[in-house]
1. Among Ser78, Leu33, Pro53, whose Cα projects farthest towards the positive end of the dipole of the range 1-133, with charges put on the beta-carbon of Lys, Arg (+1) and Asp, Glu (-1)?
2. Please go through the range 109-159 and write out the GluC sites (Glu not before Pro) that DSSP classes as loop and that have at most 12 other C-beta atoms within 10 Å.
3. From the backbone phi of the range 200-212, what are the Karplus-calculated ³J(HN,Hα) couplings (6.51 cos²θ - 1.76 cosθ + 1.60, θ = phi - 60°) in whole Hz, Gly and Pro given as x?
4. For the range 200-299, what's the relative contact order in percent, using C-alpha pairs closer than 8 Å and at least 6 residues apart?
5. For the range 8-125, take every pair of Cα atoms, bin their distances at 10 Å starting from 0, and report each bin as a whole percent.
6. Any chance you could get the radius of gyration and Dmax over the Cα atoms of the range 42-84, in Å?
7. What are the ³J(HN,Hα) couplings of the range 95-104, residue after residue, when phi is run through the Karplus curve with 6.51, -1.76, 1.60 and θ = phi - 60°? Round to Hz, x for glycine and proline.
8. Starting from the Cα-Cα distance between Asp265 and Tyr220, subtract it from 0.36 nm times their residue separation and give me the gain in nm to one decimal.
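FYI, it's all coordinate maths here, none of it is from the lab. Values in this document were obtained by computation on a predicted structure and should not be read as measured data. Don't worry about glycine lacking a Cβ; one is built from the backbone with ideal geometry, like all the others, and counts go over all protein chains shown.
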Amino acid sequence: MAFPQQVRLVEVGPRDGLQNEPDPIATETKLELIERLSAAGIRHIEAASFVSPKWVPQMADHHDVITGLKRRDGVTYSALTPNLKGLEAALACGVEEVAVFGAASESFSQKNINCSVNESLERFAPVLERARQANVRVRGYVSCVLGCPYEGEIAPAKVAEVAKALYDMGCYEVSLGDTIGTGTPLAAKRMIDAVAREIPIDKLAAHFHDTYGQALANLYAVLEQGVAVIDSSVAGLGGCPYAKGASGNAASEDVVYMLNGLGIDTGIDLNALAATGNWITHTISRPNRSKTSVALAAR
Ligand code: HMG
Ligand code: MG
């Protein structure tokens, strides 16, 4: 299988990147981050999360983030919605796309959304139904596709089963999350092989965290299989509050640098993206985990 000619980047920095930050981040900072990302040419930004503020306090300003967006034509601004309550709140703010998030691990599902995998799928069905009525697209996530912080190894067949359930329910795309970044390229390929037997590969996205420095290598491996949607986070920010030790996603700047080198079109201005990574890490006083951002700033 050849590399895809084009890759769509889903920028998850404002959500996955910031959800785990210990100190409050001003809504204005989040809005400026989103604005800078869209100005750099990113066309899909996961902007907020309509989850319980008790579970994830950092996302409690979801309403103000979504209603405060300076929307640009051609940019999708999406949000996580774990249940109908979250979806109704998202619809009330005018969100045009949402995502439900399940897991291939029972223990992680319990820790993250307080229910079993089957219960989560039962909970998502009415979310998809209501979203369809409202003409809102739904993306699906499967977490722990290459390992679980509580259960260790996860069988590719289990990932495929949950991904298929989300796809059959009506998710237009399923994003496969290596939540704790323990995956390596061969394991990533085997997992994609298993899922792609159930779902067309052009409906899959790779969402790889970089805890062990493997995210780019894993992305390269699955690009070779034909995966053409990549979730990444500016400056490599982030982690999941319910997956101890998990660090940020593959850094968007590093992903774009690699894709440029492969001659794969993203439509993103790398210098503007790198400047955004340097700006946000400076603003929230965090290390910049993107080697590309740091290298470009040092030029
Ligand atoms: P629960 O406690 O089982 O929910 O939490 P409940 O239905 O029993 O309700 C309990 C309380 O929460 C009630 O309030 C509800 O109104 C409220 P109270 O009566 O006690 O005052 N509630 C809500 N409030 C706001 N928004 C809502 C909502 N739903 C209920 N949507 C729940 C279940 C799913 C809500 C909770 O477990 C939760 O919010 N979990 C979110 C965890 C999370 O956001 N994790 C990070 C995102 S996932 C991720 O990072 C992985 C990913 O990046 C992919 C990867 O890397 O693998 C996507
Ligand atoms: Mg994630």
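1. Ser78
2. Hits after loop and neighbour filter: Glu153.
3. Karplus values, whole Hz, x for Gly and Pro: x, 5, 6, 9, 10, 10, 9, 10, 10, 7, 10, 3, 9.
4. Relative contact order comes out at 25 percent.
5. 14, 45, 32, 9, 0
6. 11.1, 34
7. 5, 9, 8, 10, 9, 9, 9, x, 8, 8
8. Extra length available between Asp265 and Tyr220 comes to 14.7 nm.
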